[in-house]
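The next block holds one structure in the form of structure tokens; read it before the comments.
The values are calculated or read from the model by the stated rules, or taken from the named source; none is laboratory data. Being a predicted model, the structure only gives us computed values, none of them experimental. Every residue, glycine among them, receives a Cβ derived from its backbone with ideal geometry; neighbour counts consider all protein chains shown.
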Amino acid sequence: MIHLPASEHLHYTEAAVVLRDNHSTLNWKETSAVLTQSQEKYREVLQVAENLYRQSPDWVTFFREVLGIDGAVRKLFPSFEELTAFEKSDEFDQVQKMLVKLREKRTTTDPETEPTRVITVRLPKSMHEYLRTEAHDLRTSMNKLCISKLLQVIGEEMIPNERSGGSTGGNSTPSQPSMTSQQLPSNHSPHTLAATTLAQPTPATLPAPSPFKPTQPRF
């Protein structure tokens, strides 16, 4: 242990405090610079959206130019982390409200400039009935309701992780290998195999599993 005079110990303590404060100031400046840069990008996206919104485009064009794969948002926020952070901002909420207002207009999109695509989604009967009832209560079509839900942002924790599971069904029974004429013993003919097969119980007599049970694969 080094013993210092009181005056030198005071100077040493003051110097340590100054160094610590300078380090904290640098960290704060770096953090502030990152936040300022992100906020500038947020405002830039909002400005692009507002300028396009004033031109009264159809909602598909607005979505493509602002939120699409080649839109302003993806260009300014190429990484998943940046995009997720922007989707939590007030600017993104304003962009979503503009999109809703444009969807309220009864305008059609030129199929030559923006063709439509069809996807088939498998879902349980109960969920289909729920969506149909919800669309009726909201006085809209199921197509518009589904598009509205697809445009909303959901957290990654709300999406089932399919990469960690191995088998898709826990109670699935492995199918029995079929015997061919090459696999038959020498003392068996195809006619003998047919008679043996008819004598055995067929799998069709077993009860078929009902659909949409919890043991079935996820949709």
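One table, with the values for the structure above:
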{"item": "Single residue of region 140-173 satisfying the filter (farther than 30 Å from Gln94 by Cβ and of a type in the set (D, E, K, R)) that is modelled with the lowest pLDDT", "result": "Arg163"}
{"item": "Residue count, region 75-88 (criterion: exposed (fewer than 14 other Cβ atoms within 10 Å of the Cβ) and under 15 Å from the mean Cα position of the chain (by Cα))", "result": "5"}
{"item": "Conditions (1) free of Cβ contacts under 8 Å to residues at least 24 places away in the same chain; (2) of a type outside the set (A, V, I, L, M, F, W, C); (3) not in a loop (DSSP other than H, G, I, E, B): number failed by Gln55", "result": "(3)"}
{"item": "Any hit, region 30-44, residues being modelled with pLDDT of 90 or more and either in contact with a strand residue (DSSP E or B) (Cβ under 8 Å, 6 or more places away or on another chain) or outside any helix (DSSP H, G or I) (or both)", "result": "no"}
